[in-house]
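Have a look at the structure below before the remarks.
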Amino acid sequence: MTTLFISRHPGAREWAVEEGIIVDAVIAHLDPETVQSGDVVIGTLPIHLAARVCERGGRYLHLSLELPPDWRGRELSAADLRRFGARLEEYRVTAVRPD
């Protein structure tokens, strides 16, 4: 089992360290085809990639926060993430394929 933290944002990476989140690797972009059953993927993935992680037997933990609209598009620090309630929430995402 491998735990990956997916983020290109220094503040998010710093937040994870400060929160004591233990990972095997921190990477900027995920190739979902590398995920194996039992792997844990942490980040803010687009929904189709989160679904692929789940399809492959991985667990997806989303880095959630309550970000006000006027803060969107800014680079956030670890302190900013805490201020906006950063937390990890597990999701099981399933793509529904048309018949």
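Which pairs have Cβ atoms under 6 Å, sit 6 or more apart or on different chains, and link a residue in the stretch 10-28 that is closer than 12 Å to R87 by Cα to one that is open to solvent by less than 50 Å² (accessible area, probe 1.4 Å) and in a helix (DSSP H, G or I)?
Short answer, once both residue conditions are applied: W15/A78; W15/L81.
Being touching a helix residue (DSSP H, G or I) at 6+ places or on another chain (Cβ under 6 Å) and among the basic types (K, R) narrows it down to one of R72, R92, so name that one.
Result of the check over R72, R92: R92.
Being more than 18 Å from T94 (Cα to Cα), among the polar types (S, T, N, Q), in contact (Cβ under 8 Å) with a residue 40 or more places away in the chain and open to solvent by less than 40 Å² (accessible area, probe 1.4 Å) is the requirement here; does S7 meet it?
yes
Let's see how each residue does on (1) open to solvent by less than 50 Å² (accessible area, probe 1.4 Å); (2) more than 14 Å from S7 (Cβ to Cβ); (3) at pLDDT 95 or above:
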site	(1), (2), (3)
A25	yes, no, yes
G38	yes, yes, yes
T44	no, no, yes
C54	yes, yes, yes
G57	yes, yes, yes
L61	yes, no, yes
E66	no, yes, yes
D70	no, yes, yes
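Please state which one of E19, E14 is modelled with pLDDT of 95 or more, surrounded by 13 or more Cβ atoms within 10 Å (Cβ to Cβ) and out of contact with any helix residue (DSSP H, G or I) (no Cβ under 8 Å at 6 or more places or on another chain).
E19
Please specify each residue of the stretch 50-81 satisfying the condition of being within 30 Å of S37 (Cα to Cα) and of a type in the set (D, E).
E55 - this is the single residue of the stretch 50-81 that is within 30 Å of S37 (Cα to Cα) and of a type in the set (D, E).
Tally the residues that are open to solvent by 30 Å² or more (accessible area, probe 1.4 Å) and either at pLDDT below 95 or farther than 19 Å from E19 by Cβ (or both), restricting the search to the stretch 76-99.
The qualifying residues number 7.
The values are calculated or read from the model by the stated rules, or taken from the named source; none is laboratory data. Only a predicted model underlies this, so the values are computations on that prediction, with no experimental measurement involved. Note that we place each Cβ from the backbone using ideal geometry, even for glycine, and neighbour counts take in every protein chain shown. Protein only, heavy atoms only, side chains kept; ligands, DNA and RNA dropped before computing areas. Shrake-Rupley method; radii C 1.70, N 1.55, O 1.52, S 1.80 Å.
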